[in-house]
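Below you'll find the structure, written out as structure tokens, and then a few comments.
Just so it is clear, none of the values below were taken in a lab; they were calculated from the coordinates. Keep in mind it's a predicted model, so treat the numbers as computed, not measured. All Cβ positions, even for glycine, are placed from backbone atoms using ideal geometry, and neighbour counts span all protein chains on display.
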Amino acid sequence: MSQPPPPPNQPPQGGFGAPQDPGYGYPQQPPTPPPGQQGYGYPQAPGQPPQTPPPPPAAPPAPPQTPPPGAGGYGYPEQPVSGQQPYGQPQYGQPQYGQPQYGQQQYGQQPYGQSQFGQQPYGQQYGQPPQAQFPGGPGPGAPGGSGRSKQRMAIIVSAVVAVALIIGGGIWFATKDDGGGSEAKGKDKQSTQGSSSGSTGGEDKPAKTVDAKLLNKVPMPQVSDQVTVEGMWVTDDTFVKAGVYKIVGYPLSGGTAKWTIPLDGAVCWSSDHLTKDGLTTVLYQEAKPSAKDKYPGCSEIGLLDLKNGKMLWHRNAKEGDEKVRFDEVTIGGGTVAAGGTSGGAAWSTSGQALWKPKSGEQCSDDGYAGGEDKLVAVRRCGDYDNPQIQVQTLNPKTGAVKSAYKVSQGIDYVHVASTDPLVIGLDAGDSTGSAVSDFLSIDDSAKTGKVLGKIGTENGKYDAKCDSTNVEGCRKIAVSKSANTLFLGSEDRTDSTAATANEVVAFSLANGKPIGKTDGVKGAALTPLGLDEDGSVLVYQESTWEAGGAVWKIDPKSYAKTKLLQNSVASHEVESKFSPSYSEIIYSGKHLFMSDVYATKPSGTYDKDDPLAIIFGAS
């Protein structure tokens, strides 16, 4: 869901026969920029240990890097989509997601994404023609900053290791037609854009803007070491935030806690999805750290009822006598699904087990993406240094594969940005640390998925971030089903004399072409957060020394923008400690909620009063 380095929750594990790098297992001081994600197949810690994210305005102390966790096996040969057996039987195909919230949505919230860097630039390099330019849009920009994420501790085999061939001025990666659901000759790796012109948004629409003030702060918990507190949601009457070994519900304007749900250990991952009934799910450690076990496993799945402040049930999956460790969890179509290098497991909302990893399987579900009615899995088979990945739309009740898109070989990690419509993110050579170089819109209405359009981020020209190895976790984007459009912010201009700091650009999911843009504002970038309940695109305007932050909504078809909320400049300093790149941000009910994903020990006077979360509104 959000920000700085992952917590030290994971010890080096040799889980389920995965090869282990002997050099791991010792605490390391992470570098200032977020470290690159480790490659698939290496031992990894459940719950992804902390890695240093991009520091906020007031640079926080570099958090400790958690030792690598154990990795699970993969490589199970896939069966054809037709005749696929339900989950729990030898098959490939378990769900995963990455789409904006649904049901009672966390409007604007996006999971935190850790950056991955060290990969070769892709997009306009090697003679690649530039992406179609929207009218008045910015020119190609320098690589952007990096974000943070929960990572699998494995050595990353960069997507660029796939041999690049220069063909006709475009970039192609050496790969053969796999004959499956992927487009011939690696269409998902060729960075090409149609040349079309789009329209610019009309006049800003007048509206009654909320003159907001800082209503409340949630104090930073006192800890001796960094602890993950990822997770933030908003219901009709409650602001909910993950704390240290607990989930806490507050009044919408903050203040004294209304209720608390205790957890056995620290949070490892929280789903952004919130159903109409107020249900969501979290992955947490089986115990608190102790002298005997400093890095408890991320094995526990809890289904939470946030309307009533209760945990309905908690479950885990076992392989033999060992608990399976997971990397992420989601909820979609009435199913709670958890995935990772050790495989995937799922339960109905009533708590009934639907499937779990089986001994001897050579494939694993990296993770699942949820949604109101859909569940999508990212399924990995083959050698860890040359995996074959499929994106599978599942029957949430049985796990049967309804549609499968085979990703071209050479891509190591796949993210799901949206399940309905299905939009996936790939890293085929991004060098900005965003872990995504291209978004693909996929038609999953047939058994074999088909690429409809490709949208390149062009090495930072368009700003988006995804968790480097997890399925869900893409942020700074918005996907509109009604307009069949992906919205991305253009890079932030550093020129203070520019008329606008950036634009929000609309891309058609039918063909990947830019079709319109919304002009930004002077001096502060606009960042898409997601959609509100009426389908408008919500964007956050960053705070500056001259003005507090603001929230706007953009009409997804006319591209006109309307200001909804304006924060006071008096609270600029505390607001600037939270950023769309690494913080959790939700706009709901005329309130703006911002929170951190780590509880940290202050390192000096400059951060001793930093809050865990802040709330803005009129009252």
Cut-off under 5 Å, modelled amide H: who pairs with Gly429 long-range: Ala159, Val160
Packing rank of 300-311, 338-349, where each peptide gets the mean count of other beta carbons within 10 Å, highest leading: 338-349, 300-311
Mean-position separation - Cα centroids, segment 282-334 and segment 465-495, in angstrom: 29 Å
Average projected area [Cα convex hull, segment 511-619], square nanometres: 8.6 nm²
3J(HN,Hα) from dihedral phi, segment 280-296, Karplus parametrisation 6.51/-1.76/1.60, rounded to Hz, x for glycine, proline: 8, 9, 9, 10, 9, 6, 6, 7, 7, x, 9, 4, 6, 9, 6, 10, x
Proxy reagent accessibility, fewest Cβ within 10 Å first, across Asp225, Asp443, Asp596: Asp225, Asp443, Asp596
Segment 241-399 shape via C-alpha gyration tensor axes, a/c threshold 1.5: oblate
Environment charge of Thr485, counting only residues whose C-beta is closer than 13 Å and scoring Lys/Arg +1, Asp/Glu -1: +3
Under 15 Å from the Cα of Lys577 - aspartates and glutamates, other chains or at least 8 residues apart: Glu542, Asp596, Asp607, Asp609, Asp610
Net charge, Gly302 excluded, C-beta distance under 11 Å - Lys, Arg +1, Asp, Glu -1: -1
Amide H partners (placed H, <5 Å) of Thr281, local residues excluded: Ser271, Leu304
Residues with amide H under 5 Å from that of Gly516, placed H, sequence gap 5 or more: Ser199, Ala506
Lysines with Cα under 26 Å of Lys358, excluding same-chain neighbours fewer than 8 positions away: Lys150, Lys318, Lys323, Lys374, Lys397, Lys402, Lys406, Lys447
Per-residue ³J(HN,Hα) for segment 553-563, Karplus 6.51 cos²θ - 1.76 cosθ + 1.60, θ = phi - 60°, Hz, x for Gly and Pro: 10, 10, 5, x, 10, 9, 6, 6, 10, 9, 7
Segment 409-460 versus segment 529-543: alpha-carbon centroid distance in Å: 22 Å
Karplus (6.51, -1.76, 1.60) ³J(HN,Hα), θ = phi - 60°, over segment 435-443, in Hz, Gly and Pro reported as x: 6, 8, 10, 8, 10, 10, 8, 10, 7
